[in-house]
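The values are calculated or read from the model by the stated rules, or taken from the named source; none is laboratory data. None of the values given here were measured: they were computed from a predicted structure. Here the Cβ positions follow ideal geometry from the backbone for every residue, glycine too, while neighbour counts run over all protein chains shown. Surface accessibility is based on the protein's heavy atoms, side chains included, excluding ligands, DNA and RNA. Shrake-Rupley method; radii C 1.70, N 1.55, O 1.52, S 1.80 Å.
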Amino acid sequence: MSIDHSFFQLVQEEDLNTCVNCGLCLPHCPTYRVTGEDLYSPRGRINLIRSVKHGELSLTKEVVHALDTCIQCMGCEPACPSGVQYHAIISPAKAEMHSRWKWRDITLRCGLYVVTHMRSLRIFTLAVLLAQKLKMVPKKMPVPALSFRQPQFHLEDEDASKMEVLLFTGCVMDAWYRKVHIDTITLLEALGYSVKVSGDEYGCCGALHEHAGFADSAARMQKKIQRPQSNSMMVVNSAGCSASLKNTFAGSRTVLDINELLFRHITDLQRLLVRRTETVLIQEPCHLRHVQGISREVKELLEIAFTVAQLEDDGLCCGAGGSFSFSQPTMAQAVRDRKIEEIDRVIHSNSSKTIHYLASANPGCLSFLSGASIDVEIVHPVTLLAQSLISQNSTGGVQ
Amino acid sequence: MSFGSAVDDLQRQMAISDAVNIVGLNSTGASTVRDEGSVLKAPSGILSYEPDELMISVFAGTSISDINDELQGAKQRIPIPEWGTIGGAVATRRNGLRDSYHQTLPNNVLRCSVIAADGSLYQSGGQVVKNVSGFDLIKLLVGSWGLLGLIVEVTMRTEPIPQVSQWVQSAAPTAIAQVSDLYRPSVVTCFEGNMYVLLEGHEKDVQQQILQLDGFSLCEMPLTNNSPQLTNVNRSSQGVPHSIERAIRKEFDPGNKLNKSIASQRGLLT
Amino acid sequence: MNFGLTFEYSEEMSGVVHTNTAELFLVGQDASNMMGSPAGVCYPTTTAEVQEAVRWARAKGMTFIARGAGTGLAGGAIPTDGSLVICLTKMNNIRSIDVHKRTAWVEPGVLNADLSRRTARDGLHFAPDPSSQQSCTIGGNVANNSGGPHCLSEGVTSAHILALEVVLPSGDVCILDAESSLFDLRGAFIGSEGMFGIATAIEVRLVQNPPHISTMVVGFASVHEGAMAVSAIIAHGIIPSALEMMDAPITRAVEEYVHAGFPLDAAAMLIVEIDGLENSVLDGSRAVKDIVSRFGATSFQVAQSQGERALIWKGRKTAFGAIARIQPNYYLHDTVVPRKKLAEVLSQVSLIATEEHLQVMNVFHAGDGNLHPILMFDKRVDGVMDRVHRAGAEIVRVSLEAGGVLSGEHGIGLEKRDFMRWMFTENDLLFQQKLRSAFDPEGISNPHKVLPRGSGCSDMSSIPPGSWI
């Protein structure tokens, strides 16, 4: 087989060199965890990219598959003592494969187009909704139960004395998880913010495209979004989107994940929330924990109102990974099965109390986990916090 | 390396003998069944002792009580029963009451020098406390009953003598549950319906542990007759592991020279 | 698990033995700098499948090699001349845990840290804690008789393995335990670096978590004073549960990553941990404090919480990886010297590195005298490899001259097999070979490792490219 020397030239030699092959990343990689094969590990993938780039190995179907099956959860990055910037290696490699073989991912591209453009998404959502009502949708399809009556935003009137915050509503999050937006507004208004919503004007943030390796489409999406001014805040309640927007507006300190913002007000929330009896198990989205380094914030916020239980898997990915569960369903489901085993272990362990909720701050995880059979209600942490507000009714916005 | 003329002589005798019986102080009776042939015994004496390294090298024929006398001065010990020689203890894996769980002997022998059946000298291990250089012949030699050679030198890890060592006993039915709650007692053993526990360590810790126990009384070390007898060694003489043992014997003593009667009892004549 | 790929199947083991270049390329490597030449790789999930793979390799006239997570540093898992790699990572079930007897049966692919994590609720853990414990497999621990910081008081892997189920090179399966034979075949098998067969199930001892722990971080103005303090602590009759040293360059590299509050102004730091019952911990830590101050300690901190302790250990255990922040390549050595020789050998090591114009850092198990000098380099620099090889050999030589041994925990593998003669006589090696022959008369299980080339002892030899010797 002739070896093509022209691959992965965009991957920087310096990034590849930081990896010393020690293998400390292995257990933090969900695809290595379920396969036990070096091919599906961060160390393996780095090694493959390096060797293909150096012309020592040809880009065989196995190499392509190894790269395609990376969920890009970035669980390996915080685990790496050498500080390998894995995203700087895998992202250009994936993007290159997609740009070289455009036709290969045509279904995925079409799918992503549909769910990230507001008009087509609404039509698609309606179709799914009808199908759900007619019980024609397989239970396992990772779409939450939809309703004809989409809850509406009821925003407080503008008040110049209040700090303004823009809620980034996004695409799927808005069409399928509008309730989480409304809960977010409720909380923010209770904390004295004046909230605006980004709506269709901004549309999708392009995180799904970027994550899938479609850099061109992602760039198009990102162009529609205005860089937040230094005196205003953009708050995002989808971990995947907040991670992506922080990257788009690199250096901007005004893009915040909702958990980050709420955590700043933890003492106010201690006053505003009622203590409840239920126990919440946290599933940490990769883009929150590994990419943004937000972990204890969610736990401490939920602990104001709930008893909190945690998984013992170092924040291993659930397999959703943006569009990963569509493009690599076999691997995604294997990863999810493992996650469910971990969840079940906590639910059924003698030492923990009954688990009432599973909280995850990302729509991808929420919907993908909903597609599996878990005995607990799966919710966004914001919803749990909003439900626990003492003065929930007086703040308006909730139907 | 050389251990001097005594060992050189033993090597020569080993080389010219057709049958060899290895003996120590004959304190355990393990070597009472004798065959025809020469009787070889390892020399005795302390080769080197470095208290600060917690390590002692001795000829294998040195009695354990002599070793402990030497160690006493630096408040150290080797925690195995004071019968017979160190070579005998190693060859018969005599842990004493420290249960097999702690495996005191195999884990504390750091080096062994052995005269092989052909009279050559081989060594395994080293004079350091941690060592994974090469295959572990020491584990094989501990409990090998002289079937793989005459052990002439042993380097042992020593340990500081604990501030307090106290035996307690109980016949109460709750004894087992109570003892399993204790933090790492040195010895737990059952003998004639009584449970015996050896608690060692800081004086106050041992006192607290004793207070924590209910229905136990202080006692002396139980006098059990646990001297190792080959006939008591409840180990299989069949199956795949046994065939590996036979293969090892064949490699180490192809002429069936060493401790024939023991070898034959264990089905290890090849 | 087949993820929709079509592999190039061999006839008999259709779909079982993978032979594509990408996979072979990856399983040809471990955490050392060597590159092997495997002919195929398979991932058995049961003992019977391991047995089948071994028999298949035999029938084909192939050699075979067991592989765990590939975190070994001595090249023990590097497949030589066309071995079948039998990768055990899919055999990762904890078969049973007996909380009362404090034992567990695990499969070889179970990760070391996963077992302790699972038994934490019952107040138990698996004592061997190599620095790679989050990634390395228990099967690999058995093969290498792994150590770790806490082996100072707990003993190495072999002290914690009660029984093994093994597939022998003949293809037979048997249990090796205290009852199965007169000779301690279990003990002989542990540390045999995969050359006696493949462990397919392992009965481990679990030990009680200590009720009290005191973890101290002590800074010193010189490596020499730190090393003297180590000797003095042990000589005082204190056996800490762990006694580790890090020199200034590695402390700085690690601190940048973990932020554990290590003393950045110290030339060397010790991590001293004492555990056990309350009063022994109290008295022991007090004595340690006295001793280190006698040796001119410049700082003394005690971990105030479990979180602080965890951070200290994270810093210690991920130290090797943090080196890439300084140079892209490293060669991590592993020798043992008598404790009293620590200071002397460390200064010799530093001289050797200076002579070869290499940077060296030290992070090691001082309490055991187990040195881990790390030579750092960029292999793209011309001629650097020769210098690294020379320095490595010199470090081995000075360690042996000080009365030490070749390896404390990484094993011999390919890396040090040709140094074996520096430590052992031909006759010593012959008897090691005899033991191997009893388990593996044809020499088909992980050939070419441990025993040196060029004598009756070694397997017929071909050395993989990139190897050290």
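In segment C:318-330, the residues that are under 17 Å from C:Asp129 (Cα atoms) form Cβ pairs under 6 Å with partners that are of a type in the set (Val, Ile, Thr) and buried (at least 21 other Cβ atoms within 10 Å of the Cβ), at six or more places apart or across chains, as follows: C:Ala319/C:Ile250; C:Ala319/C:Val254; C:Ala319/C:Val363. Looking across segment A:109-119, the residues that are open to solvent by 30 Å² or more (accessible area, probe 1.4 Å) and touching a helix residue (DSSP H, G or I) at 6+ places or on another chain (Cβ under 8 Å) come down to A:Arg109, A:Gly111, A:Tyr113, A:Val114. Determine, yes or no, whether C:Met13 is more than 14 Å from chain A (Cβ to nearest Cβ), touching a Cys at 6+ places or on another chain (Cβ under 8 Å), farther than 21 Å from A:Cys25 by Cβ and at pLDDT below 95. In short, yes.
The residues listed here are C:Val363, C:Val349, C:Val345; of these, the one that is crowded, with 21+ Cβ neighbours inside 10 Å and assigned to a strand (DSSP E or B) is C:Val363. Here C:Val217 fulfils each of the conditions (1) over 27 Å from A:Ala79 (Cα atoms); (2) open to solvent by less than 10 Å² (accessible area, probe 1.4 Å); (3) not charged (D, E, K, R) apart from (1). Scan segment B:111-124 and give yes if some residue there is open to solvent by less than 20 Å² (accessible area, probe 1.4 Å), within 11 Å of chain C (Cβ to nearest Cβ), touching a Cys at 6+ places or on another chain (Cβ under 8 Å) and over 25 Å from B:Ser264 (Cα atoms), otherwise no. Yes, that holds for at least one residue. Restricting the search to helices (runs of 4 or more DSSP H) fully inside segment A:85-168 and requiring at least 1 residues that are at pLDDT 85 or above and in contact with a Cys (Cβ under 8 Å, 6 or more places away or on another chain) gives A:86-100.
For C:Leu164, indicate whether it is without any contact (Cβ under 8 Å) to a residue 40 or more places away in the chain and at the interface with another protein chain (Cβ under 7 Å from one of its Cβ atoms).
On the way: without any contact (Cβ under 8 Å) to a residue 40 or more places away in the chain: yes; at the interface with another protein chain (Cβ under 7 Å from one of its Cβ atoms): no.
Judged against the criteria, C:Leu164 is not a match.
For segment A:247-278, a tally of residues being over 23 Å from A:Leu191 (Cα atoms) and either at pLDDT 95 or above or part of a helix (DSSP H, G or I) (or both) returns 2.
Yes/no per residue for (1) at pLDDT below 90; (2) not assigned by TED's automatic domain parsing to the domain that holds B:Asp69:
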residue	(1), (2)
B:Lys139	no, no
B:Gly143	no, no
B:Leu147	no, no
B:Ile151	no, no
B:Val168	no, yes
B:Pro173	yes, yes
B:Ile176	yes, yes
B:Tyr183	no, yes
B:Val188	yes, yes
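Residue pairs whose Cβ atoms lie under 7 Å apart, separated by 6 or more positions or on different chains, with the first residue in segment B:9-23 and crowded, with 19+ Cβ neighbours inside 10 Å and the second in a helix (DSSP H, G or I), are B:Val20/B:Met14.
What number of residues within segment A:34-80 satisfy the criterion of being of a type in the set (Gly, Ala, Ser), assigned to a loop (DSSP other than H, G, I, E, B) and within 11 Å of another protein chain (Cβ to nearest Cβ)?
Going through segment A:34-80, the residues of a type in the set (Gly, Ala, Ser) turn out to be A:36, A:41, A:44, A:51, A:55, A:58, A:66, A:75, A:79.
Okay, now just the ones that are also assigned to a loop (DSSP other than H, G, I, E, B), so A:36, A:41, A:55, A:58, A:75.
Add one more test, that the residue is within 11 Å of another protein chain (Cβ to nearest Cβ), and what stays is A:36, A:41, A:58.
Residues meeting the conditions: 3.
Scanning segment B:43-54 for residues that are at pLDDT 95 or above and either of a type in the set (Ser, Thr, Tyr) or buried (at least 18 other Cβ atoms within 10 Å of the Cβ) (or both) turns up B:Pro43, B:Ser44, B:Ser48, B:Tyr49. For the subset of segment B:61-73 comprising residues that are in contact (Cβ under 8 Å) with a residue 24 or more places away in the chain and among the small types (Gly, Ala, Ser), which member is surrounded by the most Cβ atoms within 10 Å (Cβ to Cβ)? The residue in question is B:Gly61.
Number of residues in segment C:93-111 that are open to solvent by 20 Å² or more (accessible area, probe 1.4 Å), under 27 Å from B:Tyr183 (Cβ atoms) and either out of contact with any Ser or Thr (no Cβ under 7 Å at 6 or more places or on another chain) or not aliphatic (A, V, I, L, M) (or both): the value is 8. Does A:Pro27 satisfy being under 24 Å from the mean Cα position of the chain (by Cα), part of a helix (DSSP H, G or I) and either in the same structural domain as A:Met331 (by TED's automatic domain parsing) or surrounded by 22 or more Cβ atoms within 10 Å (Cβ to Cβ) (or both)? The answer is yes for A:Pro27. Note down all Cβ pairs under 6 Å where the first residue falls in segment A:172-185 and is over 20 Å from A:Leu389 (Cα atoms), the second is open to solvent by less than 10 Å² (accessible area, probe 1.4 Å) and not hydrophobic (A, V, I, L, M, F, W, C), and they're at least six residues apart or on different chains. Listed pairs, sorted by first residue: A:Met173/A:Ser238.
Somewhere in segment C:271-292, is a residue farther than 30 Å from B:Gln209 by Cβ and either in contact with a His (Cβ under 6 Å, 6 or more places away or on another chain) or not hydroxyl-bearing (Ser, Thr, Tyr) (or both)?
Here is the first cut: in segment C:271-292, the residues farther than 30 Å from B:Gln209 by Cβ are none.
No, segment C:271-292 contains no residue that is farther than 30 Å from B:Gln209 by Cβ and either in contact with a His (Cβ under 6 Å, 6 or more places away or on another chain) or not hydroxyl-bearing (Ser, Thr, Tyr) (or both).
Test B:Ala74 against the stated conditions and say whether it is of a type in the set (A, V, I, L, M, F, W, C), assigned by TED's automatic domain parsing to the domain that holds B:Gln13 and within 25 Å of B:Ile16 (Cβ to Cβ).
So B:Ala74 fails the test.
In summary, B:Ile22 fulfils each of the numbered conditions (1) closer than 17 Å to B:Leu121 by Cα; (2) modelled with pLDDT of 95 or more with the single exception of condition (2).
Candidates in segment C:309-322 are the residues that are more than 7 Å from every other protein chain (Cβ to nearest Cβ) and of a type outside the set (Gly, Ala, Ser); of these, the one that is farthest from C:Leu414 (Cα to Cα) is C:Arg309.
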